[in-house]
């Protein structure tokens, strides 16, 4: 793994109910991109260093969402999707991240959609100007259940089992414990990849289960396609989805129709295009961001 470079600046928010850790890469001046990581309950670092490719053209702002990474909290109050939307709204104001272009990955993509829906209903202080949704989490509970079944099927597949057996017999645990832990982590998420044997170059991360469960419970039997929710979002939007992502492509197709978004399907990519197909991913994002508003 290439090392993750130090950010240009970092700190903690003071306007959110819980201090949220944030970092900035790239030089100020170009319109900033605010990156939302997945999870829920994870942190920003697992998107690095690959996502820093975008810092060549933009100031890149990333933060650890409440309850994960360096934004952990001892407050046992439930963390909900509304908590994350409010935190995001306050963070945008504090960091001056406007015009607001959001890059949301996985759960971060769903959070971006929830924020945009709330903004369209004038329930936020700030509004997004552009959205880039990279393999966004399913937009309905039914699609999420499809994803969960497919991911479990892949993780139980013979190809992944063979890779685990090979690792156990490799002697790596004794000879290079750090390399063993890295490979064990990669195999724990191999089902996300188009080719499980090609799982590599991942920054390990931890998902805080309490936070993840609380957020998904707060969404209940959600359906962003119902009641004109996504239809109300009139924001220039790009959705990128890997053809072999265990999250159903149909979810992103439905979201693109509702939002009038551009949909790019990446061949030979599962849920991690910034590792599997970085050139195609970043070319699509740059092309979209270069278009006039």
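Where residues in the range 143-155 are free of Cβ contacts under 8 Å to residues at least 40 places away in the same chain and over 18 Å from the mean Cα position of the chain (by Cα), which of them is nearest to residue 253 (Cα to Cα)?
145
Restricting the first residue to the range 26-54 and requiring it to be under 22 Å from residue 217 (Cα atoms), which pairs with a second residue that is assigned to a strand (DSSP E or B) meet a Cβ separation below 6 Å and a spacing of at least six or different chains?
That search, which allows pairs on different chains as well, returns 36/104; 38/105.
Of the conditions (1) closer than 24 Å to residue 43 by Cα; (2) over 15 Å from the mean Cα position of the chain (by Cα), residue 225 fails just one. Which one is it?
Of the numbered conditions (1) closer than 24 Å to residue 43 by Cα; (2) over 15 Å from the mean Cα position of the chain (by Cα), the odd one out for residue 225 is (1).
Check 168, 194 and return the single one that is in a loop (DSSP other than H, G, I, E, B) and not assigned by TED's automatic domain parsing to the domain that holds residue 65.
Step by step, each of 168, 194 is checked, and only 194 is in a loop (DSSP other than H, G, I, E, B) and not assigned by TED's automatic domain parsing to the domain that holds residue 65.
For the condition over 15 Å from residue 105 (Cα atoms), touching a helix residue (DSSP H, G or I) at 6+ places or on another chain (Cβ under 9 Å) and not in a strand (DSSP E or B), what is the one hit in 258, 283?
258
For residue 110, which of the numbered conditions (1) part of a helix (DSSP H, G or I); (2) within 22 Å of residue 199 (Cα to Cα); (3) in contact with a strand residue (DSSP E or B) (Cβ under 8 Å, 6 or more places away or on another chain) fails to hold?
(2)
Taking the criterion of being assigned to a loop (DSSP other than H, G, I, E, B), over 23 Å from residue 66 (Cβ atoms) and over 18 Å from the mean Cα position of the chain (by Cα), would at least one residue in the range 204-222 satisfy it?
yes
Would you be able to say whether some residue in the range 17-26 is at pLDDT 95 or above, at positive phi and surrounded by 20 or more Cβ atoms within 10 Å (Cβ to Cβ)?
Looking for residues that are at pLDDT 95 or above, at positive phi and surrounded by 20 or more Cβ atoms within 10 Å (Cβ to Cβ), one finds none in the range 17-26, hence no.
Please indicate, with yes or no, whether at least one residue in the range 226-233 is crowded, with 24+ Cβ neighbours inside 10 Å and under 14 Å from residue 107 (Cβ atoms).
no
The values are calculated or read from the model by the stated rules, or taken from the named source; none is laboratory data. These numbers come from a predicted model, not from an experiment. All Cβ positions, even for glycine, are placed from backbone atoms using ideal geometry, and neighbour counts span all protein chains on display.
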